[in-house]
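The values are calculated or read from the model by the stated rules, or taken from the named source; none is laboratory data. Remember, it's a predicted structure, so these values are computed and weren't measured experimentally. Note that each Cβ is placed from the backbone with ideal geometry, even for glycine, and that neighbours are counted across all protein chains shown.
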Amino acid sequence: METKRVSIHLEGINTRDALPPTEKTAECLKDAGELLKKGEIVAFPTETVYGLGANALNGAACQKIYAVKGRPADNPLIVHIASLAEVTGIVRVWPQKAEICARQFWPGPLTIVLPKKDIIPDIVSGGLDTVAVRMPSHPVALALIQAAGCPLAAPSANLSGKPSPTLAEHVWQDLNGKIPLLIDGGPCTVGLESTVLDLTGEIPVILRPGGITREQLEAVLGRVDLDCHSGNDQPKSPGMKYRHYAPEGDVVLIHGSIPEKVEKISHLLCKKEDGKKIGLLCLKNTAALMPMDILSRADTLFILGSEEDLTLAAGRLYEGLRYCDKHKVDMILAEEISEEGIGLAFMNRLRKAAGKKNMSDPAKILSRPDQD
Ligand code: AMP
Ligand code: MG
(Lines give C-alpha, C1' and ligand atoms only; values in the text may rest on other atoms or scores of the structure.)
(Ligands and ions follow the chains in the order given, each with its own letter.)
Protein backbone atom coordinates (compact mmCIF):
# COMPACT_ATOMS: atom_id res chain seq x y z
CA MET A 1 0.00 0.00 0.00
CA GLU A 2 1.25 3.48 -0.83
CA THR A 3 1.32 5.83 2.16
CA LYS A 4 0.41 9.42 1.38
CA ARG A 5 2.17 11.97 3.58
CA VAL A 6 0.62 15.42 3.91
CA SER A 7 2.01 18.29 6.02
CA ILE A 8 -0.16 20.74 7.88
CA HIS A 9 2.21 23.45 9.06
CA LEU A 10 1.41 25.00 12.39
CA GLU A 11 4.34 27.32 13.04
CA GLY A 12 3.35 30.12 15.36
CA ILE A 13 -0.05 28.64 16.12
CA ASN A 14 -0.95 27.92 19.71
CA THR A 15 -2.12 24.32 19.97
CA ARG A 16 -5.50 25.38 21.34
CA ASP A 17 -6.15 27.74 18.44
CA ALA A 18 -8.26 26.82 15.47
CA LEU A 19 -6.52 25.59 12.34
CA PRO A 20 -5.74 28.14 9.63
CA PRO A 21 -8.43 27.58 7.01
CA THR A 22 -6.13 27.03 4.01
CA GLU A 23 -7.32 25.05 1.02
CA LYS A 24 -4.64 22.41 1.56
CA THR A 25 -5.63 21.91 5.21
CA ALA A 26 -9.31 21.62 4.34
CA GLU A 27 -8.60 19.13 1.53
CA CYS A 28 -6.32 16.99 3.69
CA LEU A 29 -8.89 16.83 6.50
CA LYS A 30 -11.68 16.02 4.07
CA ASP A 31 -9.65 13.13 2.57
CA ALA A 32 -8.69 11.87 6.02
CA GLY A 33 -12.32 12.07 7.18
CA GLU A 34 -13.45 10.07 4.12
CA LEU A 35 -10.84 7.37 4.78
CA LEU A 36 -11.93 7.07 8.41
CA LYS A 37 -15.62 6.93 7.43
CA LYS A 38 -14.73 4.06 5.04
CA GLY A 39 -13.15 2.08 7.91
CA GLU A 40 -9.52 2.95 7.08
CA ILE A 41 -6.82 4.00 9.53
CA VAL A 42 -4.94 7.32 9.53
CA ALA A 43 -1.82 8.49 11.43
CA PHE A 44 -2.12 12.00 12.87
CA PRO A 45 -0.40 14.33 15.33
CA THR A 46 -1.57 14.88 18.89
CA GLU A 47 0.13 16.94 21.58
CA THR A 48 1.37 13.74 23.31
CA VAL A 49 2.64 11.43 20.53
CA TYR A 50 1.47 10.64 16.97
CA GLY A 51 -1.69 8.50 16.97
CA LEU A 52 -3.00 5.81 14.61
CA GLY A 53 -6.73 6.39 14.45
CA ALA A 54 -9.82 4.45 13.37
CA ASN A 55 -13.56 4.92 13.87
CA ALA A 56 -13.95 3.81 17.51
CA LEU A 57 -17.46 2.47 16.81
CA ASN A 58 -16.29 0.21 13.98
CA GLY A 59 -14.71 -3.00 15.31
CA ALA A 60 -13.34 -4.09 11.91
CA ALA A 61 -11.61 -0.73 11.43
CA CYS A 62 -10.08 -0.92 14.91
CA GLN A 63 -8.88 -4.45 14.18
CA LYS A 64 -6.65 -2.95 11.46
CA ILE A 65 -4.85 -0.89 14.10
CA TYR A 66 -3.88 -4.05 16.00
CA ALA A 67 -2.78 -5.80 12.80
CA VAL A 68 -0.62 -2.93 11.53
CA LYS A 69 1.05 -2.27 14.88
CA GLY A 70 1.38 -5.92 15.90
CA ARG A 71 -0.38 -4.90 19.13
CA PRO A 72 -1.55 -7.63 21.56
CA ALA A 73 -5.36 -7.96 21.44
CA ASP A 74 -5.76 -7.49 25.19
CA ASN A 75 -4.15 -4.03 25.15
CA PRO A 76 -7.13 -1.64 24.85
CA LEU A 77 -7.23 1.58 22.83
CA ILE A 78 -7.92 5.13 24.00
CA VAL A 79 -11.02 6.72 22.46
CA HIS A 80 -10.46 10.34 21.37
CA ILE A 81 -13.28 12.87 21.32
CA ALA A 82 -13.50 16.51 20.22
CA SER A 83 -16.24 17.82 22.52
CA LEU A 84 -17.43 17.13 26.05
CA ALA A 85 -20.92 16.31 24.76
CA GLU A 86 -19.53 13.14 23.13
CA VAL A 87 -18.67 11.38 26.42
CA THR A 88 -22.28 10.61 27.23
CA GLY A 89 -22.50 8.42 24.11
CA ILE A 90 -19.48 6.38 25.23
CA VAL A 91 -19.55 5.93 29.02
CA ARG A 92 -22.34 4.62 31.30
CA VAL A 93 -21.56 6.94 34.21
CA TRP A 94 -19.97 10.36 34.44
CA PRO A 95 -18.95 10.98 38.05
CA GLN A 96 -18.33 14.39 39.56
CA LYS A 97 -14.58 13.71 39.61
CA ALA A 98 -14.64 13.09 35.86
CA GLU A 99 -16.42 16.39 35.34
CA ILE A 100 -13.79 18.17 37.46
CA CYS A 101 -10.93 16.57 35.50
CA ALA A 102 -12.50 17.26 32.13
CA ARG A 103 -13.12 20.92 32.99
CA GLN A 104 -9.58 21.33 34.33
CA PHE A 105 -7.45 19.26 31.95
CA TRP A 106 -9.34 18.78 28.68
CA PRO A 107 -8.42 19.28 25.99
CA GLY A 108 -5.10 17.85 27.10
CA PRO A 109 -2.98 14.80 28.01
CA LEU A 110 -5.36 13.13 30.48
CA THR A 111 -7.24 9.88 29.75
CA ILE A 112 -10.17 8.87 31.97
CA VAL A 113 -11.24 5.23 32.44
CA LEU A 114 -14.96 4.63 33.13
CA PRO A 115 -17.60 1.88 32.54
CA LYS A 116 -18.30 1.66 28.81
CA LYS A 117 -21.54 1.66 26.85
CA ASP A 118 -22.23 -1.33 24.56
CA ILE A 119 -21.68 0.85 21.48
CA ILE A 120 -17.91 0.58 22.15
CA PRO A 121 -16.76 -2.69 20.53
CA ASP A 122 -14.95 -5.22 22.71
CA ILE A 123 -11.87 -4.95 20.54
CA VAL A 124 -11.47 -1.30 21.59
CA SER A 125 -11.71 -2.11 25.30
CA GLY A 126 -9.61 -5.27 25.06
CA GLY A 127 -12.58 -7.22 26.40
CA LEU A 128 -12.86 -5.02 29.53
CA ASP A 129 -16.13 -3.49 30.73
CA THR A 130 -14.48 -0.06 30.81
CA VAL A 131 -13.30 2.43 28.20
CA ALA A 132 -10.48 4.99 28.23
CA VAL A 133 -11.50 8.45 26.91
CA ARG A 134 -9.50 11.58 26.16
CA MET A 135 -9.94 14.93 24.43
CA PRO A 136 -6.62 15.88 22.76
CA SER A 137 -5.61 19.54 22.47
CA HIS A 138 -3.80 19.37 19.13
CA PRO A 139 -5.86 21.31 16.57
CA VAL A 140 -5.22 18.72 13.83
CA ALA A 141 -6.42 15.91 16.09
CA LEU A 142 -9.57 17.85 17.03
CA ALA A 143 -10.28 18.80 13.42
CA LEU A 144 -9.74 15.20 12.29
CA ILE A 145 -12.25 13.82 14.83
CA GLN A 146 -14.76 16.39 13.59
CA ALA A 147 -14.04 15.54 9.93
CA ALA A 148 -14.54 11.82 10.65
CA GLY A 149 -17.82 12.55 12.47
CA CYS A 150 -17.10 9.89 15.10
CA PRO A 151 -14.80 9.28 18.08
CA LEU A 152 -11.40 7.92 17.09
CA ALA A 153 -9.75 4.95 18.78
CA ALA A 154 -6.03 5.66 18.59
CA PRO A 155 -2.92 4.19 20.15
CA SER A 156 0.54 5.52 19.35
CA ALA A 157 1.43 5.27 15.65
CA ASN A 158 4.49 3.04 16.06
CA LEU A 159 5.17 -0.67 15.74
CA SER A 160 4.35 -2.30 19.08
CA GLY A 161 7.35 -2.34 21.40
CA LYS A 162 9.23 0.50 19.66
CA PRO A 163 9.66 3.97 21.19
CA SER A 164 6.55 6.08 20.57
CA PRO A 165 6.64 8.51 17.62
CA THR A 166 6.98 12.22 18.42
CA LEU A 167 7.87 13.29 14.86
CA ALA A 168 6.11 12.38 11.60
CA GLU A 169 9.46 10.92 10.50
CA HIS A 170 9.21 8.32 13.29
CA VAL A 171 5.78 7.22 12.03
CA TRP A 172 7.16 7.04 8.51
CA GLN A 173 10.02 4.79 9.65
CA ASP A 174 7.60 2.32 11.27
CA LEU A 175 4.46 2.44 9.12
CA ASN A 176 5.35 3.59 5.60
CA GLY A 177 3.62 1.22 3.16
CA LYS A 178 1.24 -0.09 5.84
CA ILE A 179 -1.29 2.77 6.16
CA PRO A 180 -2.99 4.98 3.53
CA LEU A 181 -2.29 8.39 5.10
CA LEU A 182 0.09 10.13 7.49
CA ILE A 183 -0.73 13.71 8.50
CA ASP A 184 2.50 15.52 9.43
CA GLY A 185 1.83 18.27 11.99
CA GLY A 186 5.42 18.76 13.17
CA PRO A 187 6.87 17.73 16.54
CA CYS A 188 4.57 16.71 19.42
CA THR A 189 4.85 19.32 22.18
CA VAL A 190 4.31 17.05 25.23
CA GLY A 191 6.31 14.14 23.80
CA LEU A 192 5.11 11.53 26.36
CA GLU A 193 1.73 9.75 26.40
CA SER A 194 -1.30 10.89 28.37
CA THR A 195 -1.84 10.06 32.03
CA VAL A 196 -4.37 7.20 32.34
CA LEU A 197 -6.64 7.81 35.34
CA ASP A 198 -9.09 5.17 36.58
CA LEU A 199 -12.22 6.84 37.96
CA THR A 200 -14.29 3.66 38.39
CA GLY A 201 -13.65 3.47 42.14
CA GLU A 202 -13.95 5.75 45.15
CA ILE A 203 -10.29 6.85 44.98
CA PRO A 204 -8.86 7.94 41.61
CA VAL A 205 -5.96 5.72 40.51
CA ILE A 206 -3.21 6.60 38.02
CA LEU A 207 -2.71 3.50 35.87
CA ARG A 208 -0.06 5.14 33.70
CA PRO A 209 1.77 8.37 34.57
CA GLY A 210 1.87 10.88 31.73
CA GLY A 211 1.50 14.45 30.56
CA ILE A 212 -0.73 15.57 33.48
CA THR A 213 1.21 15.04 36.69
CA ARG A 214 0.03 13.35 39.90
CA GLU A 215 0.55 16.69 41.67
CA GLN A 216 -1.77 18.47 39.20
CA LEU A 217 -4.46 15.81 39.73
CA GLU A 218 -4.15 15.89 43.52
CA ALA A 219 -4.59 19.65 43.48
CA VAL A 220 -8.14 19.25 42.14
CA LEU A 221 -9.12 15.74 43.30
CA GLY A 222 -7.43 15.31 46.69
CA ARG A 223 -6.06 11.79 47.20
CA VAL A 224 -4.88 10.08 44.01
CA ASP A 225 -3.29 6.61 44.14
CA LEU A 226 -0.72 5.18 41.81
CA ASP A 227 -0.89 1.64 40.39
CA CYS A 228 1.40 1.35 37.42
CA HIS A 229 2.01 -2.35 37.42
CA SER A 230 5.07 -3.44 39.23
CA GLY A 231 5.55 -6.97 38.10
CA ASN A 232 2.13 -8.63 38.30
CA ASP A 233 0.69 -10.23 35.18
CA GLN A 234 -2.82 -8.83 35.57
CA PRO A 235 -2.35 -5.05 35.84
CA LYS A 236 -5.49 -2.90 35.77
CA SER A 237 -4.10 -1.23 32.67
CA PRO A 238 -3.30 -4.20 30.43
CA GLY A 239 -0.79 -2.27 28.32
CA MET A 240 1.53 -1.85 31.28
CA LYS A 241 2.57 -5.50 31.31
CA TYR A 242 4.24 -5.38 27.92
CA ARG A 243 7.82 -4.41 27.16
CA HIS A 244 7.54 -0.97 25.60
CA TYR A 245 9.43 1.91 24.19
CA ALA A 246 12.41 -0.32 23.51
CA PRO A 247 15.23 0.86 21.27
CA GLU A 248 17.62 -1.63 19.62
CA GLY A 249 20.54 -0.79 21.89
CA ASP A 250 20.75 -1.91 25.54
CA VAL A 251 19.59 0.90 27.82
CA VAL A 252 21.65 1.47 30.97
CA LEU A 253 20.14 3.78 33.59
CA ILE A 254 22.54 6.23 35.18
CA HIS A 255 21.42 7.36 38.62
CA GLY A 256 22.86 9.24 41.60
CA SER A 257 23.93 12.81 42.26
CA ILE A 258 25.30 14.77 39.30
CA PRO A 259 28.97 14.06 40.27
CA GLU A 260 28.10 10.35 40.67
CA LYS A 261 26.43 10.31 37.28
CA VAL A 262 29.44 12.00 35.69
CA GLU A 263 31.70 9.37 37.24
CA LYS A 264 29.54 6.43 36.12
CA ILE A 265 29.23 7.71 32.56
CA SER A 266 32.97 8.40 32.40
CA HIS A 267 33.76 4.92 33.72
CA LEU A 268 31.61 3.23 31.07
CA LEU A 269 32.88 5.43 28.24
CA CYS A 270 36.47 4.64 29.22
CA LYS A 271 35.72 0.88 29.25
CA LYS A 272 34.40 0.97 25.69
CA GLU A 273 36.30 -1.18 23.24
CA ASP A 274 36.85 -0.55 19.54
CA GLY A 275 33.92 -1.61 17.39
CA LYS A 276 31.33 -0.97 20.12
CA LYS A 277 29.14 2.12 19.93
CA ILE A 278 27.75 4.06 22.85
CA GLY A 279 24.97 6.63 22.79
CA LEU A 280 24.63 9.10 25.65
CA LEU A 281 21.24 10.59 26.55
CA CYS A 282 21.64 13.22 29.22
CA LEU A 283 20.93 16.72 30.45
CA LYS A 284 23.05 19.64 29.32
CA ASN A 285 24.07 20.25 32.96
CA THR A 286 25.62 16.78 33.24
CA ALA A 287 27.36 16.88 29.86
CA ALA A 288 28.88 20.24 30.80
CA LEU A 289 30.71 18.64 33.74
CA MET A 290 32.25 15.82 31.70
CA PRO A 291 35.88 16.13 30.58
CA MET A 292 35.86 16.76 26.81
CA ASP A 293 38.22 13.88 25.96
CA ILE A 294 35.93 11.42 27.76
CA LEU A 295 32.67 12.87 26.43
CA SER A 296 34.01 12.55 22.91
CA ARG A 297 34.28 8.77 23.38
CA ALA A 298 30.47 8.66 23.07
CA ASP A 299 29.57 7.84 19.46
CA THR A 300 26.23 9.62 19.75
CA LEU A 301 25.36 12.43 22.14
CA PHE A 302 21.72 13.48 22.53
CA ILE A 303 21.08 16.35 24.93
CA LEU A 304 17.54 16.00 26.26
CA GLY A 305 17.45 19.56 27.58
CA SER A 306 18.36 21.32 30.78
CA GLU A 307 17.55 20.76 34.44
CA GLU A 308 15.81 24.15 34.43
CA ASP A 309 13.08 22.85 32.06
CA LEU A 310 12.57 19.16 32.75
CA THR A 311 9.16 19.13 31.04
CA LEU A 312 10.82 19.98 27.74
CA ALA A 313 13.66 17.52 28.38
CA ALA A 314 11.28 14.66 29.30
CA GLY A 315 9.35 15.26 26.09
CA ARG A 316 12.48 14.53 24.05
CA LEU A 317 13.05 11.04 25.49
CA TYR A 318 11.55 9.11 22.57
CA GLU A 319 13.31 11.29 20.03
CA GLY A 320 16.58 10.55 21.83
CA LEU A 321 15.98 6.79 21.91
CA ARG A 322 15.13 6.76 18.22
CA TYR A 323 18.15 8.96 17.44
CA CYS A 324 20.40 6.39 19.12
CA ASP A 325 18.73 3.60 17.10
CA LYS A 326 19.36 5.51 13.89
CA HIS A 327 23.06 5.60 14.78
CA LYS A 328 23.02 1.88 15.60
CA VAL A 329 24.59 2.12 19.03
CA ASP A 330 25.13 -1.04 21.10
CA MET A 331 24.38 0.67 24.38
CA ILE A 332 22.49 3.78 25.46
CA LEU A 333 23.59 5.42 28.71
CA ALA A 334 20.47 7.27 29.88
CA GLU A 335 20.49 9.77 32.72
CA GLU A 336 17.74 9.36 35.31
CA ILE A 337 15.82 12.38 36.57
CA SER A 338 13.83 12.91 39.78
CA GLU A 339 10.38 11.28 39.81
CA GLU A 340 8.59 14.48 40.73
CA GLY A 341 6.15 16.12 38.30
CA ILE A 342 6.71 14.95 34.73
CA GLY A 343 9.73 12.98 35.99
CA LEU A 344 7.35 10.18 37.09
CA ALA A 345 6.23 9.58 33.50
CA PHE A 346 9.77 9.99 32.13
CA MET A 347 11.22 7.41 34.54
CA ASN A 348 8.30 5.02 33.96
CA ARG A 349 9.05 5.02 30.21
CA LEU A 350 12.81 4.92 30.65
CA ARG A 351 12.59 1.89 32.97
CA LYS A 352 10.40 0.11 30.43
CA ALA A 353 12.85 0.98 27.67
CA ALA A 354 15.58 -0.61 29.79
CA GLY A 355 13.35 -3.69 30.15
CA LYS A 356 14.28 -6.65 32.24
CA LYS A 357 17.64 -7.35 30.65
CA ASN A 358 20.42 -8.37 33.00
CA MET A 359 22.45 -5.20 33.20
CA SER A 360 24.36 -5.97 36.38
CA ASP A 361 27.61 -5.34 34.55
CA PRO A 362 27.07 -3.04 31.56
CA ALA A 363 30.83 -2.89 31.00
CA LYS A 364 30.68 -6.57 29.96
CA ILE A 365 28.31 -5.77 27.11
CA LEU A 366 30.73 -3.21 25.80
CA SER A 367 33.54 -5.72 25.56
CA ARG A 368 31.48 -8.77 24.54
CA PRO A 369 32.56 -10.16 21.16
CA ASP A 370 29.94 -9.81 18.42
CA GLN A 371 27.79 -12.89 17.88
CA ASP A 372 27.97 -14.47 14.42
P1 AMP B 1 -1.39 3.71 23.99
O2 AMP B 1 -2.61 4.06 23.25
O3 AMP B 1 -0.46 2.83 23.23
O4 AMP B 1 -0.76 4.93 24.54
O5 AMP B 1 -1.85 2.85 25.25
C6 AMP B 1 -3.08 3.07 25.90
C7 AMP B 1 -2.94 2.75 27.36
O8 AMP B 1 -4.21 2.94 27.98
C9 AMP B 1 -2.50 1.33 27.63
O10 AMP B 1 -1.59 1.29 28.70
C11 AMP B 1 -3.81 0.65 27.99
O12 AMP B 1 -3.63 -0.47 28.81
C13 AMP B 1 -4.56 1.78 28.71
N14 AMP B 1 -6.00 1.56 28.64
C15 AMP B 1 -6.80 1.72 27.58
N16 AMP B 1 -8.08 1.39 27.88
C17 AMP B 1 -8.08 1.01 29.17
C18 AMP B 1 -9.08 0.55 30.07
N19 AMP B 1 -10.34 0.38 29.69
N20 AMP B 1 -8.71 0.25 31.35
C21 AMP B 1 -7.44 0.40 31.74
N22 AMP B 1 -6.43 0.83 30.95
C23 AMP B 1 -6.75 1.14 29.67
MG1 MG C 1 1.70 3.05 22.66
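Condition check ((1) in contact with a Leu (Cβ under 7 Å, 6 or more places away or on another chain); (2) surrounded by fewer than 19 Cβ atoms within 10 Å (Cβ to Cβ)) across all residues:
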position: G108; (1), (2): no, no
position: K117; (1), (2): no, yes
position: A132; (1), (2): no, no
position: P136; (1), (2): yes, no
position: L144; (1), (2): yes, no
position: G149; (1), (2): no, yes
position: H170; (1), (2): no, no
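Which ones in segment 117-172 are free of Cβ contacts under 8 Å to residues at least 40 places away in the same chain and out of contact with any Lys or Arg (no Cβ under 7 Å at 6 or more places or on another chain)?
D118, E169
Among what's in segment 48-78 and is assigned to a loop (DSSP other than H, G, I, E, B) and away from ligand 2 (no atom under 15 Å from the Cβ), pick the residue that is surrounded by the most Cβ atoms within 10 Å (Cβ to Cβ).
Looking at the filtered set, the residue picked out is A56.
From K276, K272, K284, which residue is at pLDDT below 95 and in contact with a strand residue (DSSP E or B) (Cβ under 7 Å, 6 or more places away or on another chain)?
K272
Quick one: which of F105, F44 is of a type in the set (F, W, Y), away from ligand 2 (no atom under 16 Å from the Cβ) and within 27 Å of P163 (Cα to Cα)?
From the options F105, F44, the qualifying one is F105.
Across segment 121-147, what is the number of residues that are part of a helix (DSSP H, G or I) and farther than 17 Å from G210 by Cβ?
Here the count works out to 12.
Within segment 278-302, count every residue that is touching a residue at least 40 places away in the same chain (Cβ under 8 Å) and charged (D, E, K, R).
Going through segment 278-302 one residue at a time, the tally reaches 0.
Kindly check whether there is at least one residue in segment 89-102 that is without any contact (Cβ under 8 Å) to a residue 60 or more places away in the chain, buried (at least 19 other Cβ atoms within 10 Å of the Cβ) and within 15 Å of ligand 1 (Cβ to nearest atom).
Within segment 89-102 (the criterion being without any contact (Cβ under 8 Å) to a residue 60 or more places away in the chain, buried (at least 19 other Cβ atoms within 10 Å of the Cβ) and within 15 Å of ligand 1 (Cβ to nearest atom)), the answer is yes, since at least one residue qualifies.
How many residues does segment 113-135 hold that are under 30 Å from H9 (Cα atoms) and either among the basic types (K, R) or within 12 Å of ligand 1 (Cβ to nearest atom) (or both)?
Selection size over segment 113-135: 3.
Restricting the first residue to segment 18-35 and requiring it to be in contact (Cβ under 8 Å) with a residue 24 or more places away in the chain and of a type in the set (G, A, S), which pairs with a second residue that is assigned to a loop (DSSP other than H, G, I, E, B) and loosely packed, with under 14 Cβ neighbours inside 10 Å meet a Cβ separation below 9 Å and a spacing of at least six or different chains?
G33/G149
Take segment 167-216 and flag every residue that is outside any loop (DSSP other than H, G, I, E, B) and either on the phi > 0 side of the Ramachandran plot or within 16 Å of ligand 1 (Cβ to nearest atom) (or both).
If the condition is that a residue be outside any loop (DSSP other than H, G, I, E, B) and either on the phi > 0 side of the Ramachandran plot or within 16 Å of ligand 1 (Cβ to nearest atom) (or both), then H170, V171, D174, L175, T195, V196, L197, D198, V205, I206, L207, R208 are the ones that fit.
Quick one: count up the residues across segment 220-251 that are among the acidic types (D, E) and either modelled with pLDDT under 75 or assigned to a helix (DSSP H, G or I) (or both).
1
Quick check: is even one residue across segment 310-325 assigned to a loop (DSSP other than H, G, I, E, B), among the acidic types (D, E) and within 30 Å of D174 (Cα to Cα)?
No, that holds for no residue.
Name the residues in segment 195-208 that are within 16 Å of ligand 2 (Cβ to nearest atom) and touching an Asp or Glu at 6+ places or on another chain (Cβ under 9 Å), would you?
L207, R208
Which of the numbered conditions does S164 fail, given that it passes all the others? Conditions: (1) under 19 Å from N348 (Cα atoms); (2) away from ligand 1 (no atom under 16 Å from the Cβ); (3) in a loop (DSSP other than H, G, I, E, B).
Exception for S164: condition (2).
Regarding A168, is this residue within 16 Å of ligand 2 (Cβ to nearest atom) and under 25 Å from E319 (Cβ atoms)?
So A168 fails the test.
Right, L159: within 15 Å of ligand 2 (Cβ to nearest atom) and in a loop (DSSP other than H, G, I, E, B) or not?
Taking the combined requirement at face value, the residue satisfies it.
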